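Data block below; observations after.
The values are calculated or read from the model by the stated rules, or taken from the named source; none is laboratory data. As the structure is a computational prediction, the values presented were derived from the model and not from experiment. Here the Cβ positions follow ideal geometry from the backbone for every residue, glycine too, while neighbour counts run over all protein chains shown.
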Amino acid sequence: MARIIDGAVIDYYDIDGGASPSQFNPSNSNPASNGTSTIPGVNFTFSDFLFTMTIDSNGSPTVEYDFDAIKQSIQTILSTSPGERMMLPTFGCNVPSYVFEPCNALTARNLSADIKDVLIEWENRISVDSVDVTPSPDQNAFYIDINYTLIFGGAVQTYSAQLQTQPL
């Protein structure tokens, strides 16, 4: 059985390890098609469409699985501005608005709080442990490290990104 939660496709597998069919992956090319995940202790697979919306050799949208699907979802949330998605007008983060802000500790603190708030709201497969934003005024950039724990399985992961700012 497949269902969509907050724009991410999640494929669930039966407790006994038998894979349930997925309407999004009829060829069953899922790397965890035997009912086990690549995430230790988890017996189902997270999946999400590739951000670039490329098509695979079967003519289906390319899909990311497990850890990559979560990171893909975080990238989607952070790179989408609120109002950009017509059916979900509050989806996204105000990260682009920080491009023209001063590259200092105050802006870093505000950016960190915004990122944490939107991830708590839109990515329910993780628990956000910390969002560390380090300003680098010499390089006109913020370095972002998001530390999170998967709700299912408890694996701890880090997503890192860089936000290049415009010099004032």
If I filter the range 57-84 down to residues being of a type in the set (S, T, N, Q), in contact (Cβ under 8 Å) with a residue 24 or more places away in the chain and in contact with a Phe, Trp or Tyr (Cβ under 7 Å, 6 or more places away or on another chain), which single residue comes out as farthest from ILE115 (Cα to Cα)?
GLN72
From the list ASP145, ASP132, ASP114, which one is in contact with a helix residue (DSSP H, G or I) (Cβ under 9 Å, 6 or more places away or on another chain), assigned to a strand (DSSP E or B) and either modelled with pLDDT of 95 or more or not aromatic (Phe, Trp, Tyr) (or both)?
ASP132
How about the range 113-142: which of its residues are surrounded by fewer than 17 Cβ atoms within 10 Å (Cβ to Cβ), under 15 Å from the mean Cα position of the chain (by Cα) and hydrophobic (A, V, I, L, M, F, W, C)?
ILE120
Taking the range 54-110 as the region of interest, how many residues are in a loop (DSSP other than H, G, I, E, B), modelled with pLDDT of 90 or more, polar (S, T, N, Q) and under 16 Å from the mean Cα position of the chain (by Cα)?
3
Quick one: in the range 150-168, of everything that is within 16 Å of LYS116 (Cβ to Cβ) and hydroxyl-bearing (Ser, Thr, Tyr), which residue is surrounded by the most Cβ atoms within 10 Å (Cβ to Cβ)?
TYR159
Which residue, of VAL99, VAL131, is closer than 21 Å to PHE67 by Cβ and in contact with a Leu (Cβ under 8 Å, 6 or more places away or on another chain)?
VAL131
